[in-house]
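**Student:** Structure in structure tokens, see below.
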Amino acid sequence: MSFDICQLRSFLNMMDELSQQQLTLVKQALDEDIGAGDLTSMACLEPNPVVGSIRAKSSGVLSGVQPALLAFEIVDSANRIIPVKKDGDKFCSTDTIFEIEGFNQTVLTAERTALNFLAHLSGIASLTSRFVEAVSHTDCKIIDTRKTTPGWRLLEKQAVVDGGGENHRIGLYDMILIKDNHIASAGSVTAAVSLAREFLQTPDFRLQFDLTADLVIIEVEVVSGEQLSEAIKAGADRLLLDNRNNDELADLVQLAHRINPEVKLEASGNMSLDRVGSVADTGVDFISVGALTHSALASDFSLKVTSVESS
């Protein structure tokens, strides 16, 4: 993968933001769960060494290793948590995900927070992998949306990548997506695209956004063949075909390719595992699936520890 200097800076900034978001969320989750202290562990246990493991109780694709590790580390840096698998790895029921050497009280205090991150993020990665597999007979890419849990966006979007999918825009700041309300306010597709391209050449854009204008994708939502033709002629890089049935998608793809074979096409709306393969067959380049992040079922993991006699 190659980057120009602005792309590289944006990528590194995103990695820094991901690390900071993980740390912030794990600290907040621990504060929420522990409060004044782990009353049960403090009341029932003398601090003794334990060994144990986190094991899968379902199958899927792993994500959330780093926040799970952070949970144990923040509670007690003396705990030794050894990942057996990494983000993006497939796992089956009974597989060991982590091996643990630590102290009973603090391992049990961190347990639920660590498992919550693993379960939620692995659920997203696992669902994504199923969608990716469903379109694997084509060149179509599965991408996510901004329908993410508030505060969790970068973690959830990383989980999509761990599952083999790709990210759409991260937020409102890294891509231009002209939708129906933008078109209505601007007056037409042509006017909206023209205004967008003009803005990318202004000092305001260069001062506020850490992006290279030529690399900013301009995508336009279209609802008809007429709008599609207008958007392509206006210079849109990608077209969003939302809530179209398969016959409509196939017709729009053929029309777009006749006008400009290079334009990229994204389908969205009511995408299910049963349908997504046939949507990919229409020739679209991307299928965006909100369900990846807003409706994924959690994966199942458990912690088992064995007490070790104190010395």
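The values are calculated or read from the model by the stated rules, or taken from the named source; none is laboratory data. Given the structure is predicted, the values throughout are model-derived calculations rather than measurements. Quick reminder, even Gly has a Cβ in these numbers, built from the backbone with ideal geometry, and neighbours come from all protein chains shown.
**Student:** Please work out which residue is farthest from the chain's Cα centre (by Cα), limiting yourself to the range 78-120 and to residues that are more than 14 Å from G60 (Cβ to Cβ) and of a type in the set (S, T, Y).
**Tutor:** T106
**Student:** Can you go through Q208, Q201 and tell me which one is more than 29 Å from the chain's Cα centre (by Cα), more than 27 Å from S129 (Cα to Cα) and surrounded by fewer than 18 Cβ atoms within 10 Å (Cβ to Cβ)? So that I can check it myself, show each step before the final result.
**Tutor:** Values: Q208 fails: more than 29 Å from the chain's Cα centre (by Cα).
Result: Q201 is the single residue among Q208, Q201 that is more than 29 Å from the chain's Cα centre (by Cα), more than 27 Å from S129 (Cα to Cα) and surrounded by fewer than 18 Cβ atoms within 10 Å (Cβ to Cβ).
**Student:** Tell me which of these I183 doesn't satisfy, since it passes every other one: (1) more than 19 Å from G269 (Cβ to Cβ); (2) touching a residue at least 12 places away in the same chain (Cβ under 8 Å); (3) surrounded by 14 or more Cβ atoms within 10 Å (Cβ to Cβ).
**Tutor:** Tallying (1) more than 19 Å from G269 (Cβ to Cβ); (2) touching a residue at least 12 places away in the same chain (Cβ under 8 Å); (3) surrounded by 14 or more Cβ atoms within 10 Å (Cβ to Cβ), I183 fails exactly one: (1).
**Student:** If I ask for residues that are free of Cβ contacts under 8 Å to residues at least 60 places away in the same chain, within 21 Å of H294 (Cα to Cα) and buried (at least 21 other Cβ atoms within 10 Å of the Cβ), which ones from the range 245-278 would you list?
**Tutor:** Across the range 245-278, the qualifying residue is only A267.
**Student:** Given (1) among the polar types (S, T, N, Q); (2) at pLDDT 95 or above; (3) surrounded by 12 or more Cβ atoms within 10 Å (Cβ to Cβ), where does T40 come up short, assuming only one miss?
**Tutor:** That leaves (3) as the condition not met.
**Student:** Among the residues in the range 1-16, are any more than 25 Å from L155 (Cβ to Cβ), modelled with pLDDT of 90 or more and hydroxyl-bearing (S, T, Y)?
**Tutor:** No, the range 1-16 contains no residue that is more than 25 Å from L155 (Cβ to Cβ), modelled with pLDDT of 90 or more and hydroxyl-bearing (S, T, Y).
**Student:** Find the helices (runs of 4 or more DSSP H) located wholly in the range 46-163 whose residues include 3 or more that are crowded, with 23+ Cβ neighbours inside 10 Å and among the polar types (S, T, N, Q), and list them.
**Tutor:** It comes to 104-134.
**Student:** Moving to a separate point now. Give the residue, chosen from A298, A234, A291, that is on the phi < 0 side of the Ramachandran plot, surrounded by fewer than 21 Cβ atoms within 10 Å (Cβ to Cβ), over 28 Å from the mean Cα position of the chain (by Cα) and aliphatic (A, V, I, L, M).
**Tutor:** A234 is the lone residue from the list that is on the phi < 0 side of the Ramachandran plot, surrounded by fewer than 21 Cβ atoms within 10 Å (Cβ to Cβ), over 28 Å from the mean Cα position of the chain (by Cα) and aliphatic (A, V, I, L, M).
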